[in-house]
Each structure stands twice: as structure tokens, then as C-alpha cells.
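A.B. asks: Below you will find the structure I want to go over with you.
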There are 2 protein chains.
Amino acid sequence: MRTSQFPLNTVKETPSDAEIASHKLMIRAGLIRKLAAGLYTWLPLGLRVMRKVEKITREEMEKAGALEVLMPALQPAELWQETGRWEQYGPELARLQDRHQRDFCLGPTHEEIITDLARHEIKSYKQLPIIYYQIQTKFRDEIRPRFGVMRSREFVMKDAYSFHLDQESLQETYQVMYQAYSNIFNRFGLQYRAVIADSGSIGGAVSHEFHVLAESGEDAIAFSTKSDYAANIEKAEALMPEGDRGPATESLNLVDTPDQHSIDEVSAFFGIAKSSCLKTLIVKGEEDELVALLLRGDHELNAIKAEKVFGIAAPLQLADEEQVLSACNAKPGSVGPFGLKIKIIADRSVVLMSDFVCGANQDGKHYRGVNWQRDIPLPDQIEDLRLVVEGDPSPDGEGTITIARGIEVGHIFQLGMKYSSAMKADIINEGGKNQTMIMGCYGIGISRIVAAAIEQNHDDNGIIWPAQLAPFQVALCPMNMHKSERLRVAAEKLYRELLDAGIEVLFDDRKVRAGFMFSDMELIGIPHRVVIGDRSLDSGMIEYRARTASESQELPMVELIPFLLQQLS
Amino acid sequence: MRTSQFPLNTVKETPSDAEIASHKLMIRAGLIRKLAAGLYTWLPLGLRVMRKVEKITREEMEKAGALEVLMPALQPAELWQETGRWEQYGPELARLQDRHQRDFCLGPTHEEIITDLARHEIKSYKQLPIIYYQIQTKFRDEIRPRFGVMRSREFVMKDAYSFHLDQESLQETYQVMYQAYSNIFNRFGLQYRAVIADSGSIGGAVSHEFHVLAESGEDAIAFSTKSDYAANIEKAEALMPEGDRGPATESLNLVDTPDQHSIDEVSAFFGIAKSSCLKTLIVKGEEDELVALLLRGDHELNAIKAEKVFGIAAPLQLADEEQVLSACNAKPGSVGPFGLKIKIIADRSVVLMSDFVCGANQDGKHYRGVNWQRDIPLPDQIEDLRLVVEGDPSPDGEGTITIARGIEVGHIFQLGMKYSSAMKADIINEGGKNQTMIMGCYGIGISRIVAAAIEQNHDDNGIIWPAQLAPFQVALCPMNMHKSERLRVAAEKLYRELLDAGIEVLFDDRKVRAGFMFSDMELIGIPHRVVIGDRSLDSGMIEYRARTASESQELPMVELIPFLLQQLS
């Protein structure tokens, strides 16, 4: 392709609403343009990248035996009412009425639609297992769309759904899809991790998220330093610490601590580590009563874990000041486990604390030198309530936890019968009896991957595309071609030879100076750059530079194409 | 592909709401399934066909120099308000509000969005001309969705838009697109015609529709028997008839014609041809006054033409009985041009009538033996008001008109400045001055083409795919393979050889009897069928049948692949 026929839409300005590198670079490199909040037009250069993401995904889905379908974006409310999601789904679900006042939504996902298809098309166990997939535009009415195509209101997804006779078949297909996802992300050339995930509102038991690693990622992922254990930090278990509780060496003291409320303030006031302070949070229980949660001062509550603990309300709700006052006789910041009449649930690490500081349930007072069993009884219930931190032992027993940030771009679930049961998606089993199908579902954020790839691969000069996602593999930059006819002829010849060698080349035939050309090609992230000038014609040498290299190198012109083919293979 | 891994979803039943062959066959052959009125899921077999339509279209668009983009389906109301279409567009426009109560629509077309893109991205005449296109899901809230994917509420379109400095450049690109469309429809292997069209509400001056010819087509197309003239019947001009008016031979008579109102009744009553009766229609004028339209009794009013005539209101509205009575002193069915106080506009052929019959403006009475100028003055205005009929002279002067039916699957327009002017899409021209861009737009109904291809190509047994659109080229049907191991081995080997030869083959490895296999393969329309049995292994002969042939033929097995490759080339 020539830039004269495939115009670049690079711009100097970064939009004021662009907070992260990929958003800025997608605008600057001319991959996308904003139409309205959370709505983007894909320009030719960006679409070339997205089509590569689609192609690789489609090929691996076909290899995994999945069948491509295309379901409507418009979904009738009736099906969502069958599963109860019409009511459960919040305002993210874009709803509309047709001209006859019938309710529809714009699909953010297609469980209801595929289950409706399956209950009509699949009659017998002989037709199972089956995997359907589609690559399609999805809608989500985000309250605050941001980060460009990373969290937009309209986006492209690959969603797949599998149907099974039994759990064993689901697990087999789940493994096949896990492998297909690994193949896909390997082919993208991205650093990624499959992490054990919380399955959230979609339901089901087992799920993995696929994260592209990037510093700007919204999700924290806990890895083992030794094994391949990886989990979303929301899901990573904090093991019961080994060893015994330290001995009580201090005596219990009630201390005036005026205006000392936070753990930071209290630990500084006493001159002790935060790990020697007890954090007490008052939250709602399952039946409107209050519950006290205890954590070590240096630990953070993991709300996802807490919500799954028996006795704690989901979603997690902190008690307000008035409720805390009436339950503890003190305001938040001075509360602690002493004399509480409500249930106390402590994190595992709390029971190993000794000689610690906690609120005294009197405003402006704390106890120090507190010791379990000597001063107060052990908590009513011990649970895993906290976020893991770097250095925690890995839950699989191998190595310790290290934490990195990731962008969720894929998610696979063992759904079970949540949808098939609600929608009566039955088949006749081998014994001639009705049986509800078991389901899995498998998503990949196609448009999001383009942004995630940039988030992971860029520098101050622009995007650095991994080979398989680059819109073009090679940039051919002639120097002042418009002033030299023999150069023009040679550059055109080289362009033709590169094309004939099967290389995707962008020939910059614009009448612009070299520096301008180079900075455009760096900005749009073409992996390989070839510069040809009048000098090349005299010397027979040509300048080559990889996008990742800091220096150019000279190559004999006759060796260029074999060299490039090797780089690309 | 094997039917065991690519299950066919053929069914015996035809849905009760399916009125036309393509709708019935798309359901029966398992190409689509209905989700709700006008909303269909594309099953794997149907999607394979649609992807071929997309691929051919994309290749020809690229050859024509068009740049692929992807615009959002959700479009903000503000842009539609700029062009006035937010108010003008009827309830076909699916509208919704986001969670912040901002108005959006689901795009049925993208003129506003592309014009907004162009006014931001295109600054200089040097960037012109440029053609953008996309292949994307569109929405139209049809009052009565019907005919399956032919008139659905969600469908796939290829829409393209071009921007130009001047009319000459637009016309050049229009010709390029006209040629690209011809290439596309030729490659589809469909019988089609490019017809001069009315450009309707999209506006602009010149436009052509591309019609796939089929008896069930909703549109009537007028062709010349001699030249390549073709026009939508709405647009085809009825020339001023040659020759002079016949002489007056009868005398004027007022005749009692009780209960004779329609042209059929009146011509039968008098025992004369319908072409000797005058049809008088009372319609609204441009400013609430009434106007009388005169047509020869055997001609039909062309409303599209009438609406463009000076003095007639658009849209065309017939006067109600009360209005007719007050203007003509008679009810509809007895009105005529005698003594009318309102403006009279006659079709061109009317002025050549002589000795004719018309209403007398007295209920239950007609005049016969009427002659212009002798009995009444010539009409106030002579216009082309009627639909052409078979045998009319072709408007280009070559041959006569013949009429066929077509399905509109493409439309190209010279839009002019309708959108660019309303949205101030200006550029700097060569002289350094601001200038409004000129636009063209070009649509193809991707999903509709699948249905139109079937409408044109089917028989009692099912679909007959043209080679380029067939989901598979060859059906390989082994006879009772599950009872013969040597046949299984031979069939698997042949399947592999066909694949290796680059042939898209569907290997029917189901354990079903031959008749069932054959009727499925005929229903889904695979162009070539190869049958292999134990007998083939003994005789070295194999059975081949084209989907279009009524008889099978025997071929030496060794010649099969060269034979098929020749058929496919």
C-alpha cells in the first residue's frame, strides 16, 4: 500500500480526555476517532489491526471446532425476563422500545440468545458437545466511558458458548478453549497470563481471565515466583500464616489518642508498625444486623472475598457513622473488638497478632498491649478476608506472591446450568429422559486487545506493534524521491519486489521530508523500516532499522529481502 | 468439512410467516433462525454464504481504491439534527436514550457520521477525492418486517461514501463505483440489472439501483428490448406518443350509467376498450387547493412522477369523497373534466384520445363521444404522469419497453452537497478559499443478497447456489460407509484429495441413508455432488451430478478431480 492511496491520519495533539498511553496513541497514530463519549470510528489503519486480531481469533476458534454464527444485536426483553437478568442487569444494559412499544436491549452478551437457539436446535445428546461462536459488535451503556476503546459503549467481542451433556464434557471443552486462548495470545505476541478469576455476576463455578500485562492495567494479578499459579488479586487466597502467635510482653493500657483515627495516624502516634495495629470495620450482615471485620493494620479488605463469607451482606456495605456509634459507643476510628455485642469476623492473620493496638470503643482512646485470650476472647469466626500482598506464600505452596498489573482481554467460564435451567434448554439423554444441558462461555475483547497491545508495547515515539498485529510489516521510506527520477524508479522496483515476496509493505510516497516520514512510521509502529536514497543506488547498501532498535544498520541491497523474510518468520 | 463436525440444521417444516421462496428455503436449509419479528440468527451454513458475499464485495471495493473504516452503530441525535433528518426520518429510525437521557439512534445509514468524520479529517483539496466504506450491521424499525432477511430490522450493509472537490470528480468516482458494482454482481454469478432510479429521500440528482432479477421481486423494472436502457418503473419516462389525435366521429351524448364507477365497469357497460375511457383523479395541490389528474383508462398513475409535477402536493394525497363532491358536484366514479373550476393536469397520452367516455360530473351519468377542443378545451397542463407499460417506446429511442421484476440489492447516488452543506464540511481549495465538498454514496445489501440469490436460483428441491456464493462447492456422499470399512478408507482418502486440490468439500459422514443425504445436499444447494459406493471401488467409476442437472453421470475415479476443477474454474 502507498501512503498516497492509504492516507495516514496522524496528528500531533493528544485529546484532553485521553488518560492512558493507548488512548493517546490510538488517536495520534490515526487508528480511531471519537464520535461521542465511548463511541469511536475505526480508521483504515486501526481497522487493519483489528482485522488481524479477528483473523487469528477466528482461525483458532475453528481449530477448536467452534461453529461461527451471527446473532442479532437487538435482543427481545422476553428472553432476558426468562433468566431474570432484565431486572438484575443495571443501567449498563442499553434498552429501547420498538415502534410497537415492545422492549428490547442491545446485547452486551448473548447467553439468552444462544440458549434460546440451542433449546430449539439441539434435541438429542448425540448433537453434544457443540460450541458456537461469533465475532460481533456489543453494547454497554458505561456510566463513564473512558480509556478510548478500552472501556467504550460499543465494542467488538468474540463470544463463544458450549453445550454439554455432563460436567466432564464441559471440562474437556473448557480445556480445549483454554488451550485455544493460549494459542491466540501466543500468536498475538503479547505478554499475558491466564489467571484464576472471580466469576462475578455471570455466575458459574470455575473461570479464568486472560490478562495482557501492562503497568496501566486496571486489574492486579497475583503470581507465584516459582510456579505457574496466577490469580486475579480479588480471588488469590491468603493462606493461614504459619507459626504461632508471639508471646504477650506488654500490659494492657488505655491511652488517650485525640484526633488519631486512621491506621497511619495511630501507628505514627504510638511509633509502631502498622502490622501491630488492628483495623476494625463495621459492615452490614446478611439480615440487616451489623458485623465487625478485623484486619491487620497493613492489610486491605478484599470485598469480593468478604461478600462470600457467611454472615456478611453482598454487595459489601460499610455501616454509617450513626450505626457505628450505636453499636460500638464510638465513632469509626476509635472502634475495636472490646466489649462488642455484634458478631466479630477476623482475617486469618489477625489471630497471630500480639501486643497490638486497637480502638477502645471510646472516642479518642485506644488500647495498647492488647493480647488475644488474655485481654479479649478470640474472634467469633476466622476467614480469609484480605487482599494478598507481595511476599505472601503462594496458595499452591510453591514460592511467594508477586503482583503485576493486567488488562482483562479474555474470560472463560464454566457456566453450568444457570441459563439452560432458567430457559428449560433440555435434551433427550441416552436413557431417553429429559436432561438440562450444561454450558460454558468464552469471551475475547477483540477491539480491547488492540488497545491492550499498545499499552504493553509502546515508547516515547509511539506504538511498537508485535509482528502479528502490525498493520504493515515493513515501512519503505525513500529519501527525496521526488527530486530523483532514478531513485523513484529504484524505489518503485523495490516496492514491487517486497510485495512479490509476500511482505505487507507501506510505501511512503508522500512528498515530505525524511524526519517527518520517520516519525510517522515510528508513531504508527511499523516493526521494520527500510530507507532507500540516492546513496543506496551508488553504494548498493540500504538502511534498515527495527522499530525496537536504537540504531540503524546498513545491508547490501541484494540481501534485504532474504533478511526481512527471516526477521518476519 | 464433515457434517459430523459441521451439523446441518435442515428442517422439513416451512414457517407459517414465510411468504416467499427464499425465506422458506433459508429456514428449511438451516441458513437462518428467527429470534423475533425481523431479527434472525445466521447459522454456520448461512454465515458461510454471507461471508463470501462480504469477501467479494470487500475485494472489489479495495480495487476501486475505497478505504475500509468501521463506524459506530449508535449515532448521536445531534448530528441528525444538523441535517434535519432527526425530524424528517419516520418511525423506521430506531431511537433510544442513554443512561444520561441523551438521544441516539441505531444507524440505518451513515451519511451524518461520515460527513462528520470528513469535516474533521479532510482539510485540503489535496486529500480529495477519497472513498470510505464499511461492512456493518444496520437497523431499521420496519412497521411490518417480512420476507426473512429480505426486509428485516437488523441487516448487514456495505455502505460507501465519497468526497470530492467538484462535480467532475464525483462523476469519475461514480463511474468507478458503477463498474465495481458491476464486477461484484458479475462475480456473484447473479442475473442483475443496473437501473436508473428515483433517488427518493436520500436526495441528490443521479442514481442507479442494482437489481437482482427474480419473479418475486418487489420492484418492477422497465427495460428496452434493443438497448441497455433500464429504469425503475417509477422512474421510466413515458414519451409523448407519436402521431396525431384521431378524428371526432361520434357526437357528444350524456348517458345514464347507474352504479358504473370504475374504468372496468364503464368500459364493459359501453362495450368499448379501457383505452377509450378517461380516468379522472382528484388530488391535493401544493397549497391545499384541489387538482384533477387525467389518465387514459388503461394507464396507471405513477405517484412518484406526479409528486414531482409543479402544482401537485407531495406526498400524493387523493381528495376524500366530500372534497370531490364539493369540487365536481359528483362523487368519485362520475367525475370528469367537464366544467371543472379546478386546475386540470393530463397525462401526455390523454391529449391524443378522441371519441372517449368520461364522467359527467353528475352522479350516475357519463358522457360518451367526447372530443377535445370540440366539446371541452384541452387540459391546463400536459405532463408525464403514468407508469410505462410493456410495448411503450423506450425513452432512449431504441426498441420498446419490456417489464421484469427485480430485488433491489444495491444503490449508488450522486449526493451532491445535501449533507456536506448542512454540516459545513468545507475544505480549502486550490485558490485558498473555503469550499463545500461534494459527495456520493454507494450501498449494497450484503445480507439481502443471500436471499435474492436464492429467490433467483432455486427449484422444488431447494437452493441452487451460483458457484461463487455456494457454502461448499462439492458434496461428497458415501453410500453406507458405516457398513464397509474399505469404502470408509476410500471415502476418507478421496475427501483428503479433494481438500488438497483446494476444493471446498462437504463430506457427509452421517450414518443416514442415501436418499436423506441427497435431499439435504439438494436443499442446501451444493453445486456438485459426488457419490462413492462399494460399487465404485470395484468398477473404478464414480457418480457425479451437477445441482442443475436432472441426471447423474459416471466418471472414472481418476478423472474426478481434474473434472471438478474444470467445472469450478
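A.B. asks: What pairs come up if the first residue lies in the stretch B:243-271 and is within 22 Å of B:Ser349 (Cα to Cα) and free of Cβ contacts under 8 Å to residues at least 12 places away in the same chain, the second is surrounded by 11 or more Cβ atoms within 10 Å (Cβ to Cβ) and among the aliphatic types (A, V, I, L, M), and their beta carbons are under 9 Å apart, counting only those six or more places apart or on different chains?
C.D. replies: That search, which allows pairs on different chains as well, returns nothing.
A.B. asks: Filter the stretch A:259-288 down to residues that are open to solvent by 80 Å² or more (accessible area, probe 1.4 Å) and either part of a loop (DSSP other than H, G, I, E, B) or touching a Leu at 6+ places or on another chain (Cβ under 8 Å) (or both) and give me whichever is nearest to A:Phe356 (Cα to Cα).
C.D. replies: A:His261
A.B. asks: Kindly indicate the residue of the stretch A:246-258 that is in contact with a strand residue (DSSP E or B) (Cβ under 7 Å, 6 or more places away or on another chain) and assigned to a loop (DSSP other than H, G, I, E, B) and also nearest to A:Ala313 (Cα to Cα) among those meeting that condition.
C.D. replies: A:Thr257
A.B. asks: Tally the residues that are more than 9 Å from every other protein chain (Cβ to nearest Cβ), without any contact (Cβ under 8 Å) to a residue 40 or more places away in the chain and over 22 Å from A:Arg153 (Cβ atoms), restricting the search to the stretch A:70-86.
C.D. replies: Start the filter on the stretch A:70-86 by keeping residues that are more than 9 Å from every other protein chain (Cβ to nearest Cβ), which leaves A:77, A:80-86.
After this cut, where a residue has to be without any contact (Cβ under 8 Å) to a residue 40 or more places away in the chain as well, the list is A:77, A:80-81, A:85-86.
Then keep just the ones that are over 22 Å from A:Arg153 (Cβ atoms); that gives A:81.
So the count comes out to 1.
A.B. asks: Among (1) in the same structural domain as A:Ser22 (by the TED database); (2) assigned to a helix (DSSP H, G or I), where does A:Ala306 come up short?
C.D. replies: (1)
A.B. asks: Out of all the residues in the stretch A:289-302, which are under 22 Å from A:Ser276 (Cα atoms) and surrounded by fewer than 18 Cβ atoms within 10 Å (Cβ to Cβ)?
C.D. replies: Passing the criteria: A:Asp298, A:Glu300.
A.B. asks: Condition test on B:Ala313, is it in contact with a Gly (Cβ under 8 Å, 6 or more places away or on another chain), surrounded by fewer than 23 Cβ atoms within 10 Å (Cβ to Cβ) and either among the charged types (D, E, K, R) or in the same structural domain as B:Ser275 (by the TED database) (or both)?
C.D. replies: Yes, satisfied.
A.B. asks: Select from the stretch B:45-66 the residues that are at the interface with chain A (Cβ under 7 Å from one of its Cβ atoms) and open to solvent by 10 Å² or more (accessible area, probe 1.4 Å) and list them in ascending order. Lay out the reasoning, then the answer.
C.D. replies: Step one: of the stretch B:45-66, the residues at the interface with chain A (Cβ under 7 Å from one of its Cβ atoms) are B:47, B:65.
Once the filter is applied, which keeps residues that are at the interface with chain A (Cβ under 7 Å from one of its Cβ atoms) and open to solvent by 10 Å² or more (accessible area, probe 1.4 Å), the stretch B:45-66 yields only B:Gly65.
A.B. asks: Only residues that are in a helix (DSSP H, G or I) and in contact with a strand residue (DSSP E or B) (Cβ under 9 Å, 6 or more places away or on another chain): list them for the stretch A:528-558, please.
C.D. replies: Let us first name the residues in the stretch A:528-558 that are in a helix (DSSP H, G or I), namely A:534-539, A:557-558.
Answer for the stretch A:528-558, where residues must be in a helix (DSSP H, G or I) and in contact with a strand residue (DSSP E or B) (Cβ under 9 Å, 6 or more places away or on another chain): A:Arg535, A:Ser536, A:Ser539, A:Met557.
A.B. asks: Restricting attention to the stretch A:56-69, does a residue exist that is of a type in the set (Asp, Glu), closer than 30 Å to B:Val149 by Cβ and without any contact (Cβ under 8 Å) to a residue 12 or more places away in the chain? Outline the logic, then answer.
C.D. replies: Residues of the stretch A:56-69 of a type in the set (Asp, Glu): A:59-60, A:62, A:68.
Add one more test, that the residue is closer than 30 Å to B:Val149 by Cβ, and what stays is A:59-60, A:62, A:68.
Cutting the leftovers down to without any contact (Cβ under 8 Å) to a residue 12 or more places away in the chain gives us A:59, A:62.
Yes, the stretch A:56-69 has at least one match.
A.B. asks: Another question about this same structure. In the stretch B:422-457, how many residues are within 30 Å of B:Gln167 (Cβ to Cβ), open to solvent by less than 50 Å² (accessible area, probe 1.4 Å) and part of a loop (DSSP other than H, G, I, E, B)?
C.D. replies: Here the count works out to 4.
A.B. asks: Further question: Mind checking whether some residue in the stretch B:400-421 is surrounded by fewer than 14 Cβ atoms within 10 Å (Cβ to Cβ) and either of a type outside the set (Val, Ile, Thr) or within 30 Å of B:Arg245 (Cβ to Cβ) (or both)?
C.D. replies: Filtering the stretch B:400-421 down to residues surrounded by fewer than 14 Cβ atoms within 10 Å (Cβ to Cβ) leaves none.
No, because not a single residue in the stretch B:400-421 is surrounded by fewer than 14 Cβ atoms within 10 Å (Cβ to Cβ) and either of a type outside the set (Val, Ile, Thr) or within 30 Å of B:Arg245 (Cβ to Cβ) (or both).
A.B. asks: Identify, please: which residue in the stretch A:203-236 is under 27 Å from A:His458 (Cα atoms) and assigned to a loop (DSSP other than H, G, I, E, B) and is, among those, most open to solvent (accessible area, probe 1.4 Å)?
C.D. replies: Residue satisfying both the conditions and the ranking: A:Glu215.
A.B. asks: What number of residues within the stretch B:1-35 satisfy the criterion of being outside any loop (DSSP other than H, G, I, E, B), within 9 Å of chain A (Cβ to nearest Cβ) and surrounded by fewer than 21 Cβ atoms within 10 Å (Cβ to Cβ)?
C.D. replies: 1
A.B. asks: Here's a check for you: in the stretch B:145-170, which residue that is surrounded by fewer than 17 Cβ atoms within 10 Å (Cβ to Cβ) and in contact with a strand residue (DSSP E or B) (Cβ under 7 Å, 6 or more places away or on another chain) is nearest to the other protein chains (Cβ to nearest Cβ)?
C.D. replies: Looking at the filtered set, the residue picked out is B:Asp166.
A.B. asks: Quick check, is A:Asp103 of a type outside the set (A, V, I, L, M, F, W, C), in contact with a Leu (Cβ under 7 Å, 6 or more places away or on another chain), within 24 Å of A:Ser420 (Cβ to Cβ) and touching a residue at least 12 places away in the same chain (Cβ under 8 Å)? Even if it seems obvious, please write down each step before you answer.
C.D. replies: On the way: of a type outside the set (A, V, I, L, M, F, W, C): yes; in contact with a Leu (Cβ under 7 Å, 6 or more places away or on another chain): no; within 24 Å of A:Ser420 (Cβ to Cβ): yes; touching a residue at least 12 places away in the same chain (Cβ under 8 Å): yes.
Criteria not met by A:Asp103.
A.B. asks: Something else about it: Looking at (1) within 9 Å of chain B (Cβ to nearest Cβ); (2) within 30 Å of A:Lys511 (Cβ to Cβ); (3) open to solvent by less than 30 Å² (accessible area, probe 1.4 Å); (4) in a helix (DSSP H, G or I), which is the one condition that is false for A:Thr41?
C.D. replies: Checking A:Thr41 against (1) within 9 Å of chain B (Cβ to nearest Cβ); (2) within 30 Å of A:Lys511 (Cβ to Cβ); (3) open to solvent by less than 30 Å² (accessible area, probe 1.4 Å); (4) in a helix (DSSP H, G or I), the one that fails is (4).
A.B. asks: Looking at the structure I just gave you, is B:Gln179 under 18 Å from the mean Cα position of the chain (by Cα) and surrounded by fewer than 24 Cβ atoms within 10 Å (Cβ to Cβ)? Before you say what the answer is, go through the steps one by one.
C.D. replies: Details: under 18 Å from the mean Cα position of the chain (by Cα): no; surrounded by fewer than 24 Cβ atoms within 10 Å (Cβ to Cβ): yes.
For B:Gln179, the condition - under 18 Å from the mean Cα position of the chain (by Cα) and surrounded by fewer than 24 Cβ atoms within 10 Å (Cβ to Cβ) - is not met.
A.B. asks: Would it be correct to say that A:Arg529 is surrounded by 21 or more Cβ atoms within 10 Å (Cβ to Cβ) and out of contact with any Gly (no Cβ under 7 Å at 6 or more places or on another chain)?
C.D. replies: Criteria met by A:Arg529.
A.B. asks: Taking B:Gly90 and the conditions (1) away from every other protein chain (no Cβ under 13 Å); (2) open to solvent by less than 30 Å² (accessible area, probe 1.4 Å); (3) not hydrophobic (A, V, I, L, M, F, W, C), which numbered condition does it fall short on, given that it satisfies the others?
C.D. replies: (1)
A.B. asks: Any residue that is under 22 Å from A:Leu25 (Cα atoms) and in contact (Cβ under 8 Å) with a residue 24 or more places away in the chain - is there at least one of those in the stretch A:483-492?
C.D. replies: For the stretch A:483-492, residues under 22 Å from A:Leu25 (Cα atoms) and in contact (Cβ under 8 Å) with a residue 24 or more places away in the chain: absent.
The values are calculated or read from the model by the stated rules, or taken from the named source; none is laboratory data. Quick caveat, the model's predicted, so the values are computed rather than measured. We place every Cβ from the backbone using ideal geometry, glycine too, and count neighbours over all the protein chains shown. Heads up: the accessible areas ignore ligands, DNA and RNA and are worked out on the full protein's heavy atoms, side chains in. Shrake-Rupley method; radii C 1.70, N 1.55, O 1.52, S 1.80 Å.
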